[in-house]
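Engineer: Here it is, the structure, as C-alpha cells.
No lab work stands behind these numbers, since they all come straight from the coordinates. Keep in mind that what you see is a predicted model, and the values were worked out from it rather than measured. A quick note on method: Cβ atoms are made from the backbone with ideal geometry, for glycine too, and the neighbour counts reach across all protein chains shown.
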Amino acid sequence: MLRVLSLIIVGVAIFFQGCSEVVFIEKVNSQKQLDVRKKGEFPEKDSNQLVDWTSYPSHSTSWGENVTGVKTTFYTENKEIALTFDACGGQYGSGYDEKLIDFLTKEQIPATLFINKRWITENEELFVELAENRLFQIENHGTEHLPLSVNGRTAWGIQGTNSPEEVFWEVVGNQEEVKRITGRYPTMFRSGTAYYDDVAVEIVEDIGLQVVNYSLLGDAGATFSSQKVKHALLQAKPGDIALLHMNQPQSGTAQGVIEAIPILEEAGFSFVTLEGYELR
Ligand SMILES: [Zn+2]
C-alpha cells in the first residue's frame with residue numbers, strides 16, 4: 001500500500017551534488033515510524049525512508065496549498081500559536097532579518113524555521129547559530145525552492161519539479177544538507193511557494209516527513225507592511241500556524257511581529273514550535 005521500498009535506519013550517506021546516490025544502507029525495517037518528541041527535547045530523527053520513485057504515477061489529481069495530507073494547524077487545548085518563518089534563498093531571498101531573530105531571542109519566543117538549502121549555502125554560519133538556538137526548530141524548505149509537482153506544474157510563475165524523482169531530490173537534497181550540518185534530519189517539509197500535488201505530498205510522507213503549510217497568512221511572502229503583518233497576527237486562534245519570512249529584512253515582517261506579540265501575550269496567547277504536536 002505504502003509505496004515505501006523500505007524503512008532505512010541510519011547509515012544512508014548520500015553524495016548529492018553532482019555525484020550519485022545512496023551509498024550505504026545499514027538496517028532495514030518494515031514499519032513506518034513518526035518522529036514525535038516531547039516538548040522541549042531536541043527531536044530525534046536519524047534517517048530518511050528510501051522510496052522507489054519509479055512506483056509513483058507522473059500524473060496528479062489535485063494541485064494547490066491545501067491538497068490532501070497537507071497540515072495547516074496543530075491540535076492544542078491551550079491558547080497557543082506556532083510562528084513559522086521561511087528562509088527561501090536564491091538571488092533575492094538570501095537575506096537575514098536580524099531585527100526579527102534578535103527580538104525572538106530576547107523575548108524568548110520559540111519558532112519553527114523552514115530553511116531552504118540555497119539560504120544555508122549563503123549563510124552557513126548564521127544557520128549553525130540558529131540551529132544551536134534552542135528556541136528554534138529547523139525544518140526543510142526544499143533544495144531549489146520549487147513547487148512540488150510530479151509533472152512540472154507552475155505556481156507564482158515558478159516551474160515546479162517535473163517527476164517523482166525530482167520531487168524526491170527536492171526534499172532529500174536539503175534533508176542531507178541539514179543533517180550534514182546539524183546532525184539531525186528535519187521531520188517537516190514546506191515547499192517553495194507552498195504548492196503541491198497529491199502525489200508529491202504522498203512522496204514526502206513516504207520519505208518520513210509531514211507536509212506543513214499554514215492557517216494564518218502572516219506576511220504574504222514578506223510583501224505586507226508592518227501594520228498588515230500586525231493586523232494579520234492579531235487574528236490568530238489557538239492552533240494556528242502562521243506563515244512569515246525571516247529572509248527579507250527590508251520587509252514589514254519584523255516590525256509587525258514586534259508589535260503584535262506583546263498584544264497577543266496580553267490576550268493570554270503563548271508561542272510554541274511544532275514538534276510534539278499533532279498536526280492537522
Ligand atoms: Zn520560500
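Engineer: Scanning the range 69-108 for residues that are away from the ligand (no atom under 13 Å from the Cβ) and part of a strand (DSSP E or B), which turns out surrounded by the fewest Cβ atoms within 10 Å (Cβ to Cβ)?
Structural biologist: 80
Engineer: Shifting gears a bit: Quick check on the range 173-221: of everything there that is part of a helix (DSSP H, G or I) and within 11 Å of the chain's Cα centre (by Cα), which residue is farthest from the ligand (Cβ to nearest atom)?
Structural biologist: Looking only at the range 173-221, we keep the residues that are part of a helix (DSSP H, G or I), and these are 173-182, 192-194, 198-207.
Filter again for within 11 Å of the chain's Cα centre (by Cα), leaving 174-175, 192, 194.
On the way: 174: 12, 175: 17, 192: 5, 194: 8 Å.
Here the residue is 175.
Residue-by-condition table, conditions (1) free of Cβ contacts under 8 Å to residues at least 40 places away in the same chain; (2) buried (at least 21 other Cβ atoms within 10 Å of the Cβ):
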{"site": "193", "(1), (2)": "no, no"}
{"site": "196", "(1), (2)": "no, yes"}
{"site": "199", "(1), (2)": "no, yes"}
{"site": "209", "(1), (2)": "no, yes"}
{"site": "223", "(1), (2)": "yes, no"}
{"site": "238", "(1), (2)": "no, no"}
{"site": "241", "(1), (2)": "no, yes"}
{"site": "248", "(1), (2)": "no, yes"}
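Engineer: Condition first: over 12 Å from residue 219 (Cβ atoms), among the β-branched types (Val, Ile, Thr) and assigned to a helix (DSSP H, G or I). Now tell me which residues in the range 237-263 satisfy that.
Structural biologist: Scanning the range 237-263 gives 258, 261, 263.
Engineer: Testing residue 274 on (1) out of contact with any strand residue (DSSP E or B) (no Cβ under 9 Å at 6 or more places or on another chain); (2) part of a loop (DSSP other than H, G, I, E, B); (3) at negative phi, one condition comes back false. Which one is that?
Structural biologist: Among (1) out of contact with any strand residue (DSSP E or B) (no Cβ under 9 Å at 6 or more places or on another chain); (2) part of a loop (DSSP other than H, G, I, E, B); (3) at negative phi, the lone unmet condition for residue 274 is (1).
Engineer: Same structure, new question: Only one residue in 75, 96, 56, 92 is over 27 Å from residue 161 (Cα atoms) and among the hydroxyl-bearing types (Ser, Thr, Tyr). Which one? Don't jump to the end; show me each part of the working.
Structural biologist: Details: 96 fails: over 27 Å from residue 161 (Cα atoms); 56 fails: over 27 Å from residue 161 (Cα atoms); 92 fails: over 27 Å from residue 161 (Cα atoms).
Just a single option satisfies the conditions, and that option is 75.
Engineer: Then there is this: Go through the range 146-165 and count every residue that is crowded, with 21+ Cβ neighbours inside 10 Å and in a loop (DSSP other than H, G, I, E, B).
Structural biologist: To start, the set of residues in the range 146-165 that are crowded, with 21+ Cβ neighbours inside 10 Å comprises 146-150, 160-161, 164.
Within this subset, residues satisfying the condition of being in a loop (DSSP other than H, G, I, E, B) are 146-147, 149-150, 160-161.
Of the residues in that region, 6 qualify.
Engineer: Would you mind finding the one in 127, 168, 114 that is touching a Lys or Arg at 6+ places or on another chain (Cβ under 6 Å), crowded, with 17+ Cβ neighbours inside 10 Å and not in a loop (DSSP other than H, G, I, E, B)?
Structural biologist: On the way: 127 fails: touching a Lys or Arg at 6+ places or on another chain (Cβ under 6 Å); 168 fails: touching a Lys or Arg at 6+ places or on another chain (Cβ under 6 Å).
Of the residues listed, the single one that is touching a Lys or Arg at 6+ places or on another chain (Cβ under 6 Å), crowded, with 17+ Cβ neighbours inside 10 Å and not in a loop (DSSP other than H, G, I, E, B) is 114.
Engineer: Consider residue 52 carefully, then state whether it is of a type in the set (Asp, Glu) and buried (at least 22 other Cβ atoms within 10 Å of the Cβ).
Structural biologist: Values: of a type in the set (Asp, Glu): yes; buried (at least 22 other Cβ atoms within 10 Å of the Cβ): no.
The answer is no for residue 52.
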